[in-house]
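A short write-up of the structure that comes next.
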Amino acid sequence: MADPVISIRGLRKSYGEFEAVRGIDLDVQAGEVFAFLGPNGAGKTTTVEILEGYRKRSGGEVSVLGEDPQHGDRGWRERIGIVLQSCRLDPYLTVRESLGLYAGYYRAPRPVDEVIELVGLGGKADARARGLSGGQQRRLDVGMALIGDPELLFLDEPTTGFDPSARRQAWETIAGLRDLGKTVFLTTHYMDEAQRLADRVTIISRGEVVASGTPDDLGDRESLPTTISYRLGGEEVSVETTDPVADLHELTGRAVERKLELEGLEVTRPNLEDVYLSLTSEGEDE
Ligand code: ATP
């Protein structure tokens, strides 16, 4: 396999006495969408800012596009696009003007109109930033990060505060980045977002990795209880079990024997959100 785009070994970061990142290992391969998940205060921003070269680490090894971010030069920086949570848009510039201005900072920018199409702002090219909806402004932010034609993009909580339709549009834009062959490092609080977009997910809590894998085989979903629920004689019954097959066998066997109707019988397996909560429930801010 080719060298990973991002490689982290034993990363540590302390703020005074407080250890915010406590020995993180991870690799991100070229062309993948990688989701970095964790509750508030888990250490996501700290880690990402170290990867972007904005923060010094206290320990461990980090390589981003083959360089140590602490020593990344302009050439290295131009290979990276960053979409922060807060907007950096000039409200009085149009979409085309904003992108044109940013294009001037790069040696080999992508054509402005191509980027406008890419982020789905074709109909808004001449609208001023202040007249865009929140979702459209966010897409312009993504456009700003794409204008330098970076290989690697950092997206920080790209859909926080979005309504469902704006989220869906943002997801399409991000999926489009993968089609372009970009490597995307996405931080998010949303498990469904990671599940939808990411090739691989790493979950951190209190500065440590608690789970890592593809969205489908993340966490030990099998070990979380399954819920069996039904109505019997007008009563709602709900049982949690870690052995659903045997318990269902026994339950339905008895029901058939006694000719009982188990109305609304339902078996609910834990979903990814449950896995996430069970992995990180220890790690939330006190
Ligand atoms: P969120 O989802 O809320 O953005 P996060 O996972 O990005 O959280 P970080 O911002 O990396 O978390 O913070 C991790 C921990 O480090 C938190 O407990 C935070 O209070 C602490 N921290 C972050 N920056 C500093 C700093 N400059 N000085 C001291 N402590 C800090």
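The values are calculated or read from the model by the stated rules, or taken from the named source; none is laboratory data. Worth saying up front: this structure is predicted, and the values here are computed from it rather than measured. Just the protein is used for accessible areas: all its heavy atoms, side chains included, with ligands, DNA and RNA removed. Shrake-Rupley method; radii C 1.70, N 1.55, O 1.52, S 1.80 Å.
Roughly speaking, to the nearest percent, how much of the stretch 91-150's 1.4 Å accessible area is carbon and sulfur?
Whole-percent figure for carbon plus sulfur exposure: 50.
Taking the DSSP beta bridges in the chain as the whole, what percent of them are antiparallel, to the nearest 5?
The antiparallel proportion sits near 65 percent.
Tell me, what is the per residue accessible area of the chain in Å², probe radius 1.4 Å?
51 Å²
Would you check the chain for Lys pairs whose C-alpha atoms are within less than 24 Å, ignoring same-chain pairs closer than 8 in sequence, and give me the count?
Close lysine pairs found across the chain: 4.
Roughly how many Å² of Arg167 are accessible to a 1.4 Å probe, to the nearest 10?
Rounded to the nearest 10, that gives 40 Å².
Between Val209 and residues 5 or more places away or on another chain, which pairs have amide H atoms under 5 Å apart, with H built 1.01 Å from N, and which residues are they?
Long-range HN contacts for Val209: Asp25.
Provide, as a two-decimal number, the C-alpha radius of gyration of the stretch 225-269 over 2.2 N^0.38 Å, N being how many residues it has.
1.08
With springs only between Cα atoms under 10 Å, which of Gly264, Gly100, Gly134 fluctuates most in a Gaussian network model of the chain?
Checking each option, the largest mean-square fluctuation is seen for Gly264.
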